[in-house]
Amino acid sequence: MKGTFRKDLQIATVRSESVWNKFKVHTLLQNPSQKQPSINAYLGARYSRSSDSIIDIAKEVINKNTDASERLETIFHGYGHKSVGDMSDLFVCIENIPMFTAMKIFYLNSVISGQERSTRYQNFESPEFVKIPKDVCKDVEIRKEYDRIMLKQMSDYRNLLKKSKVALKESFKINEDNASEVSAWKSRSFDTARYLLPYGLQTSLAAVLSARNWSELISYFSASDSVVDNEVANLLMNLLGESNLEIPGYIREADGLIRHTDANCCRRNSTKAVLQYLKPLLSSQKKYKSVKDEGDTCKISYNDDLVENLITHYELLINPLGSKNELEFDENDEIALGERIFENHNHHNLMGNIGQSGAIKIEGMASLGTLKDLNRHRSLERYMPLFHDNLDIDKELERESKDCFFLCNYLEINSLEKLRKEYEKVLTETYEMIKNWRRVSKQFMSDEVSAEYTRYLLPHAHSTKYCFYGSFDDLQYTINLRVRRGGHIAYRVLVYRWLELLRDMDPIWKALSVNIEKPDIKSKEQFVDRS
């Protein structure tokens, strides 16, 4: 890897020099002449143990030229690293990583401020996607076939984007002299064709996380089965933490706060132990039932059984499409599972998404594209089995290829039936290729790497399981925000379905449903409104 520092821009960069990727990580410095995040954390720690004004404490630090990083070492003994690390924010950009990895970063962090590049503004004429390293798969044909599937999806995307523009323009009678209508039409066309984009395409994201959260991300990525996660973790550590990589002119802002970054295998170990216990108790996976759209799979309930939800999360890693029969467990099973969980988890080693729940449970199947947008609502507790190493990817794909995906809601319009069939045809072909590649690739690389790269081949259309949890306020906020005009039609329709189910379950939601406009896929007024 190589590090550089642009003093004029106050940006430090570490880039991979591996031939199989073009990953880069950048940090935008608050003050290039001193460790401002470390100073902020130190001031906060001193403030909590003093009766003085922050003005007086800051004067003392500045006048005495106190080394905040050095002094923080002594403070850790009284405070612990995490409470101090939470007060040190670092602005980092991660470039050229798979879209799957970007979504995973947002998924893993419940507290994160960040943005990912929108697919609407990317040039896909010469697509860049994550490659398979030769040292994990020496077979040339396996690597070439992976590339062919990626390129096939991109060719389908470019072809059907053109056809979607023509069909949507005609269906909604777009006035080309009206700039706002044209802008909306182009965006909706991208929204429709986006379903064909594979999740291994390159993207970039910008995020502000505390030193504690960056440390945890590095630690969990280091322990991941994913070669991409491991590479990103290594780059982040060398950019932010204590490192032998010299970058002239660059002062690492919070290297003393990037701590406990060794590979943390607690989640993997506990999940493996729990799954080994549960497998003999489970029935086989049920046959997948075809559904028309995402809303047809949705269920909402008030959450009153914490343990059952937790065990369901583990169960979905074994049978992602659900089990034939409901799992029966008793007190002895709970005790045995608790032993396996608490052997690995404590206040230092959290369970993460698999252990999350909340007052109101929302579950169903949705496309990765829809979940990408809903994943940004960090107030919701989110569990998506596909983003866990322990998921059985073969069971995830154990359904007819035509049932592996959802399409954009606009394609349900009768006049667009011919276009819809074209989408169905190319996606069904793609899934046949993905399934075959998965079957053959396991013979030439480890099962873990094959499963990882199978995920990168999945398109935005891929239908997968989700379980969201939220409070009353979380749900009213999400519904008000996501059903309104302007957003992607898929999450507008799905979240409105959540509202309908809530209203049917409890009258308190009726007043909200009266004030929320129902998404109408045929409405030109809604189609062209991007407000």
- May I have the count of lysine pairs in the range 390-481 with C-alpha atoms under 18 Å apart, counting pairs 8 or more residues apart or located on different chains? 9
- Highest mean first, what order results for 197-204, 422-429, 504-511, 32-39 on Cβ atoms within 10 Å? 197-204, 32-39, 422-429, 504-511
- Message: Whole angstrom only: what separates the Cα centroid of the range 191-233 from the Cα centroid of the range 343-365?
- Response: 20
- Give me the Kirkwood hydrodynamic radius of the range 362-478, using the inverse of the mean 1/r over all pairs of distinct Cα atoms, in Å to one decimal. 15.8
- Task: Note the angle between two axes, namely the Cα long axis of helix 140-171 and the longest principal axis of the Cα atoms of the chain, as a number of degrees from 0 to 90, rounded to the nearest 10.
- Result: 60
- What number comes out for the charge environment of residue 485, summing +1 per Lys or Arg and -1 per Asp or Glu over other residues with Cβ under 13 Å away? +3
- Relative to the longest principal Cα axis of the chain, at what angle does helix 489-505 sit, 0 to 90 degrees, rounded to 10? 90
- Along the charge dipole of the chain, which of 355, 179, 300 sits closest to the positive end, that is, farthest toward it, with unit charges on the beta carbon of Lys, Arg, Asp and Glu (+1, +1, -1, -1)? 179
- Query: Going by alpha carbons, how many degrees (0 to 90, nearest 10) lie between the helix axis of 472-482 and the longest principal axis of the chain?
  - Reply: 60
- Message: I'd like to compare 284-290, 83-89: which one has the highest average count of other Cβ atoms within 10 Å, and what's the full order after that?
- Response: 83-89, 284-290
- Lys pairs under 22 Å by Cα in the range 128-238, provided they are eight or more residues apart or on distinct chains: 16
- What is the log10 of I(q)/I(0) for the range 414-512, computed with the Debye formula using one identical point scatterer on each Cα and no solvent, at q = 0.11, 0.16, 0.18, 0.21 Å⁻¹? -0.59, -0.88, -0.94, -1.04
- Message: Can you compute the charge dipole magnitude of the chain about its Cα centre, using +1 on each Lys and Arg Cβ and -1 on each Asp and Glu Cβ, nothing else charged? Give it in debye, rounded to the nearest 20.
- Response: 1820
- Task: First select every other residue whose beta carbon is under 10 angstrom from the beta carbon of residue 386; then total the charges, Lys and Arg +1, Asp and Glu -1.
- Result: +2
- Charge dipole of the chain about the Cα centre (unit charges at C-beta), most positive-ward option of 103, 415, 514: 415
- Give the value in nm², to one decimal: projected area of the alpha carbon convex hull of the range 192-342, averaged over all directions. 13.8
- Message: Net charge around residue 401, counting only other residues with Cβ within less than 12 Å of its Cβ (Lys, Arg = +1; Asp, Glu = -1)?
- Response: -2
- Message: How large is the translational diffusion coefficient of the chain in µm² per second when you combine the Kirkwood radius over alpha carbon pairs with Stokes-Einstein at 37 °C and 0.692 mPa s?
- Response: 131
- Query: Relative to the compact globular guide of 2.2 N^0.38 Å, what is the alpha carbon radius of gyration of the range 143-194, as a ratio?
  - Reply: 1.44
- Could you calculate the contour length gain from residue 511 to residue 176, that is, 0.36 nm times the residue separation minus the distance between their Cα atoms, to one decimal place in nm? 116.7 nm
- Highest average packing first - 321-334, 247-260, Cβ atoms within 10 Å: 247-260, 321-334
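No lab work stands behind these numbers, since they all come straight from the coordinates. Keep in mind it's a predicted model, so treat the numbers as computed, not measured. Don't worry about glycine lacking a Cβ; one is built from the backbone with ideal geometry, like all the others, and counts go over all protein chains shown.
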